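The values are calculated or read from the model by the stated rules, or taken from the named source; none is laboratory data. Predicted model only: the values in this text are computed from it and were never measured. Neighbour counts run over all protein chains shown; Cβ positions are idealised from the backbone, glycine included.
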Amino acid sequence: ELQLNYYSESCPRAEEIIKEQVAQLYHKHGNTAVSWIRNLFHDCMVKSCDASIYLDTANDQESEKNSPKNFGMRNFKYVETIKKALESECPNTVSCADIVALSARDGLLWLGGPRVEMRTGRKDSKESYLAEVESSIPNHNDSMSSVLSRFQSIGVDTEGTVALFGAHSVGRVHCVNLVHRLYPTVDPTLDPDYAKYLKGRCPTPNPDPEAVLYSRNDRETTMILDNMYYKNILNHKGLLIVDQELVSDPNTSPFVEKMAADNGYFHDQFARALVILSENNPLTGDQGEIRKVCRYVNSA
Ligand code: HEM
Ligand SMILES: [Ca+2]
Ligand SMILES: [Ca+2]
């Protein structure tokens, strides 16, 4: 029941307003564009693209943001900037869940990513699903077969899954997610010079989780969503164990090679898979609600 331009009658400028806000935020805080993409993954993969990720802890319901799987997520407050702009033009009309989808679509363009067409009409959840986060979002060291079957279960095939990992061509990884590959001994699947660089970024085996020690996902083109990621992992410069597994698993490695060789092909596959992810099990019609603010459900 999602459709193109769902708000054409109820709020004709809705998509324009989101685009303007994403642009303004990008110019103030460039990494908001990175966050919109990760938000889409962490929202849509958990139950539904229903903005459940945005809810704060309230009324005895603990926020999904508290899950260790959501460690490092940032810029949540800026979704309210977008929401406020929409509310001032069209109160109670545009869902936070559609902001999840459209902000990712528009953020991508600032990162040099592909143009993606997205349908709208998603409604917002009335609860958060902290308990489901653990089983829904893979771990940084899960086996590739379990990662593939997780994506398969929402309709993303192997080729699409390999493409979505290309999101790790932007942004950062904190040392807590890296040190097990560096200490006490260096993971032999890691390029030795690169390991030396990473040890410089993460000098101790037990980083304080509060400290913001991190490494860029992709040193060459940190803020561009491009196929450098695939070139890096082919050169044993993947950061997470799951990143490196894409190369060692025979189910995924042929796609890695193709994407490393052809940025246009990577972009086409990324766009295709992102749409499938963004349409996972949406609430539509009179399901859910349209929140007034994205971090709280509406009060009865
Ligand atoms: C098996 C699948 C995946 C795992 C285990 C995984 C895990 C992670 C981890 C551990 C980080 C670093 C967090 C930190 O230390 O701050 C990260 C960052 C990131 N991930 Fe993933 N990820 C996966 C798939 C995806 C997908 C499908 C997308 C989007 C399409 C995505 C988008 C991002 C982005 C944009 C960042 C950088 C965030 C930032 O800099 O703020 N990831 N991921
Ligand atoms: Ca969700
Ligand atoms: Ca890049």
(request) Could you tell me which of the residues 299, 248 is closer than 25 Å to residue 177 by Cα and of a type in the set (Gly, Ala, Ser)? (result) 248
(request) Scan (1) closer than 21 Å to residue 149 by Cβ; (2) surrounded by fewer than 17 Cβ atoms within 10 Å (Cβ to Cβ); (3) within 13 Å of ligand 1 (Cβ to nearest atom); (4) not hydrophobic (A, V, I, L, M, F, W, C) for the single condition residue 244 breaks and write down its number. (result) (2)
(request) List every residue pair whose Cβ atoms sit under 6 Å apart, with the two residues 6 or more apart in sequence or on different chains, where the first one lies in region 222-249 and is farther than 12 Å from residue 261 by Cα and the second, anywhere, is within 12 Å of ligand 1 (Cβ to nearest atom) and among the charged types (D, E, K, R). (result) 222/216; 233/243
(request) Could you please let me know if residue 136 is closer than 30 Å to residue 299 by Cα, in contact (Cβ under 8 Å) with a residue 12 or more places away in the chain and surrounded by 23 or more Cβ atoms within 10 Å (Cβ to Cβ)? (result) no
(request) Quick one: count up the residues across region 6-31 that are farther than 24 Å from residue 123 by Cβ and of a type in the set (Ser, Thr, Tyr). (result) 1
(request) Would you point out which residue out of 127, 134, 80, 64 is closer than 21 Å to residue 240 by Cα and at pLDDT 95 or above? (result) 134
(message) Suppose the filter is in contact with a Pro (Cβ under 7 Å, 6 or more places away or on another chain) and hydrophobic (A, V, I, L, M, F, W, C); does residue 147 pass it?
(response) yes
(message) Which of the helices (runs of 4 or more DSSP H) found entirely inside region 147-244 contain at least 3 residues meeting this: among the basic types (Lys, Arg) and over 22 Å from residue 69 (Cβ atoms)?
(response) 192-201
(message) Given the criteria buried (at least 20 other Cβ atoms within 10 Å of the Cβ) and closer than 23 Å to residue 171 by Cβ, does residue 39 qualify?
(response) yes
(message) Out of 195, 273, I need the residue that is under 30 Å from residue 3 (Cα atoms) and more than 16 Å from ligand 3 (Cβ to nearest atom). Which one?
(response) 273
(request) Examine region 212-228 for a residue that is closer than 27 Å to residue 159 by Cβ, touching a His at 6+ places or on another chain (Cβ under 9 Å), within 14 Å of ligand 1 (Cβ to nearest atom) and modelled with pLDDT of 95 or more, and state whether such a residue exists. (result) yes
(message) If residue 208 satisfies all but one of (1) touching a residue at least 24 places away in the same chain (Cβ under 8 Å); (2) over 27 Å from residue 45 (Cα atoms); (3) acidic (Asp, Glu), what's the number of the condition it fails?
(response) (1)
(request) Hey, can you tell me all the residues within region 269-292 that are farther than 21 Å from residue 38 by Cβ and either outside any loop (DSSP other than H, G, I, E, B) or not small (Gly, Ala, Ser) (or both)? (result) 283, 284, 286, 287, 289, 290, 292
(message) Just to be sure I understand the filter: pairs with C-beta atoms under 6 Å, separated by 6 or more residues or on different chains, first member in region 139-152 and modelled with pLDDT of 95 or more, second member near ligand 1 (Cβ under 9 Å from one of its atoms) and in a loop (DSSP other than H, G, I, E, B). Which pairs pass?
(response) 147/138; 150/138
(message) With within 16 Å of ligand 2 (Cβ to nearest atom) and of a type in the set (Gly, Ala, Ser) as the only criterion, which of 169, 95 stands out?
(response) 95
